[in-house]
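One structure is given here, and the rest of the page talks about it.
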Amino acid sequence: MENIDLSLESKSEPYSGVFDFESIVGLRNLIVIVGSPGSGKTSMLEKYYTNNKHKVILKKVKDFAKDEVLEIQSCEMLLLDGFDEYSCTQNDKTSAAPDLAKQIKNMPEGINIVISCREMDWYGSDETSLNSLLNRDAFVYRILPLNYSQQIELADLLGVSNPKEFVKKYANYGFLDNPQMFMMISDLYINKSEDNPRTKQALFEYFIMGARERNETYSRNFIHKLESGEMLKHVGYIAFYYIFSGANEITDGFIDSISYSERGYSYLDLIAVSKSTLFQNNDFIHRSIAEYAAGKFIYDVLMSNSESIGISRIKGLFVINKKIPTELRGAYAWLVSLSEDDQLIDVDPCYQSVYGDNSLFSLELKKKIINFGSDYALTNPYFLRMSLKPSIDDFYCEELDEILEKEFNGSKQRDDHFIHYILSIYLSSDLLSARSSSFLKAQLRNTEFVNGDTIKTGILDYFSSDSEFLLSVLIEIKDGKILDSTDRIKDFILDKLYLQTIKHNEIYQYLDIYKEKIQGDEFSHINYFRYLNRTPYETKYEVLDALCLRYREKSSDKINYLPGYVKDFLSEYLLETLLLFDDKLSTRDIYQILKHFNGYIDCYESLKIESYNYDYIERVELGQSKLQILTNELYILYIDEKLSDEA
């Protein structure tokens, strides 16, 4: 798959925002990249490895964790792909973390590590387990869905003749924000397929049936002897054995070991299929294709015809200790979607609704999934990673309003993730009913939630394009009509509205409604007020000066009156000022700015000039010689001024 620069979101950074992989990869000792199937995790690691082979090693987690002898020479970074695919037969992934930790501990010190994983498989308990075993903090980043400009860029890169027309045509089917499905639909589009998929299931089926021989000049092109239905069946047969055997490669030897001519799976046909465009480097081009094909094969061959082996035996293929190992969950999700069999749903209802195709479910079956999900959460309470916002596409419909409201209201006091699962069903839809929209907005005044901040900010994020609504909520918080004891809701809204609805010279009245502890404490503010750093440089002086004056005037402490967030904002502004030396600002300009703001600082306290902004940090490193010149010139101005004062 062609690569573009994907965007990453982090909740761990001192300054939140959107990052690219290159900017964060060397700054943390242990990074976890999470994303949905096909979001680009493997491609991201492979791209970085290709460009940095001299200092990077790339391995599959399942290979790395099982290596008896670990040989790493002159390596600065280890990229480990597919934590969720590592075989684990005990209680979910509890055996994976110790094995992985053991191998990592055997590595030379100083090597940075990046691990990729599907977001639903990176549970909080896993992160805690790795942290406790390794004595390292894991910084988790989520791959964001492709935005419109990235979709246009990728379409052009893939050779789509009219990217804007292509994106417009498929904008409403849920394909284009996922790089893997984007590649699949673009392949059908470029090759002028008559198939026009409108669901995930149809997309995977058409893509597999339309696969071609990779070598177009191959004289004995067996693949074209297979009808499209037979093609799908043979790919599913290979995928079934590939997934359930835990095979690392699809070699000719592997094909020989699974061929069964008497059943219609001859060696020559299977070999021909394995040489198609669905495979590369002795593997499926993407695991999600193998998962769909395996689920389809089980449904068509083992479940639906005269050779059916029965539901209990099919469940036995997947379920171990009442759970489904993570490397089998994708195939199981597809099996449930295709079969709509409620005997299968109760094992893993929440996961399958995230990774299956919900458009295939009837209304009654969706209701059963919700009910099964409620029971599932009682024995698996923390099954979601709260910051990752799982997308449950094509599940919501207006007919579910009543049951969703009932389950939402009934789970407000539950200490588990079920209410977040229900909320994700709402928030994954672009077409909420008026009833549901009103219901969600009303929850902002509710005080019954166990984890209200996360729920309320999720709701606000859904309505973030409605600036008038956000501003009305902010005013109600200011007037005491909506409770915001942690300040997270107002901070979330201000992050959305600052410089859009709320101008830079209007921000002061809203800063005053933060709790005094958040404003004044040296550390409590660290996750707040980040939006202030987006202030254009040209107006930062005005905003900072006004803030400093306001706090000096209302403080009884006339020496140390600036709160931590203002000091941090000032610190970054001053660093940005220094970096403009010899470009937009002269030495004397910078000297006057430093002198002015130094007047607000306690005489026993140094004026800090620093930033967490990666761009500034990199520019400081690259501009050391220029900053040294500036330092000398500033010192000369300071001495001249002192001598002039004494004279």
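The values are calculated or read from the model by the stated rules, or taken from the named source; none is laboratory data. Predicted model only: the values in this text are computed from it and were never measured. Glycine also receives a Cβ, built like all others from the backbone with ideal geometry; neighbour counts cover every protein chain displayed. Ligands, DNA and RNA are stripped out before the accessible areas are found, and what is left, the full protein with its side chains, is counted by its heavy atoms. Shrake-Rupley method; radii C 1.70, N 1.55, O 1.52, S 1.80 Å.
Counting only residues that are in a helix (DSSP H, G or I) and among the hydrophobic types (A, V, I, L, M, F, W, C), which one in the range 153-167 is most open to solvent (accessible area, probe 1.4 Å)? It comes out as 157.
When the residues of the range 258-268 are filtered to those that are free of Cβ contacts under 8 Å to residues at least 12 places away in the same chain and assigned to a helix (DSSP H, G or I), the one that is surrounded by the fewest Cβ atoms within 10 Å (Cβ to Cβ) is 262.
Quick check, is residue 120 open to solvent by less than 40 Å² (accessible area, probe 1.4 Å), at pLDDT 90 or above and either outside any loop (DSSP other than H, G, I, E, B) or in contact with a Lys or Arg (Cβ under 6 Å, 6 or more places away or on another chain) (or both)? Considered against the rule, which asks whether it is open to solvent by less than 40 Å² (accessible area, probe 1.4 Å), at pLDDT 90 or above and either outside any loop (DSSP other than H, G, I, E, B) or in contact with a Lys or Arg (Cβ under 6 Å, 6 or more places away or on another chain) (or both), residue 120 comes out as no. Just one of the listed residues (74, 23) is more than 30 Å from residue 392 (Cβ to Cβ), modelled with pLDDT under 75, among the small types (Gly, Ala, Ser) and open to solvent by 20 Å² or more (accessible area, probe 1.4 Å), namely 74. Selection within the range 391-423: residues that are in contact (Cβ under 8 Å) with a residue 60 or more places away in the chain and under 18 Å from residue 460 (Cα atoms). The member of this set that is least open to solvent (accessible area, probe 1.4 Å) is 421. Surrounded by fewer than 22 Cβ atoms within 10 Å (Cβ to Cβ) and part of a helix (DSSP H, G or I), is that true of residue 367? Here the answer is yes, as residue 367 does meet what is asked. Restricting attention to the range 295-331, the residues that are hydroxyl-bearing (Ser, Thr, Tyr), modelled with pLDDT of 80 or more and more than 18 Å from residue 232 (Cα to Cα) total 1. Evaluate the range 582-592: report whether one residue or more is modelled with pLDDT of 90 or more, part of a loop (DSSP other than H, G, I, E, B) and either of a type in the set (A, V, I, L, M, F, W, C) or open to solvent by less than 60 Å² (accessible area, probe 1.4 Å) (or both). Checked the range 582-592: at least one residue is modelled with pLDDT of 90 or more, part of a loop (DSSP other than H, G, I, E, B) and either of a type in the set (A, V, I, L, M, F, W, C) or open to solvent by less than 60 Å² (accessible area, probe 1.4 Å) (or both). Considering the range 304-362, the residues that are polar (S, T, N, Q), in contact (Cβ under 8 Å) with a residue 60 or more places away in the chain and surrounded by fewer than 22 Cβ atoms within 10 Å (Cβ to Cβ) include one that is farthest from residue 399 (Cα to Cα), namely 321.
A single entry from 528, 573, 600 fulfils the requirement of being over 28 Å from residue 500 (Cβ atoms) and either at pLDDT 90 or above or open to solvent by less than 60 Å² (accessible area, probe 1.4 Å) (or both): 600.
Residue count for the range 477-513, restricted to those that are in a helix (DSSP H, G or I) and surrounded by 15 or more Cβ atoms within 10 Å (Cβ to Cβ): 15.
The residue that is farthest from the chain's Cα centre (by Cα), among those in the range 531-550 that are surrounded by fewer than 18 Cβ atoms within 10 Å (Cβ to Cβ) and over 17 Å from residue 494 (Cβ atoms), is 549.
Tell me, which residue of the range 334-354 that is part of a helix (DSSP H, G or I), within 25 Å of the chain's Cα centre (by Cα) and not hydrophobic (A, V, I, L, M, F, W, C) is nearest to residue 378 (Cα to Cα)? That would be 349. Considering (1) under 11 Å from residue 395 (Cβ atoms); (2) modelled with pLDDT of 80 or more, the lone condition that residue 380 does not fulfil carries the number (1).
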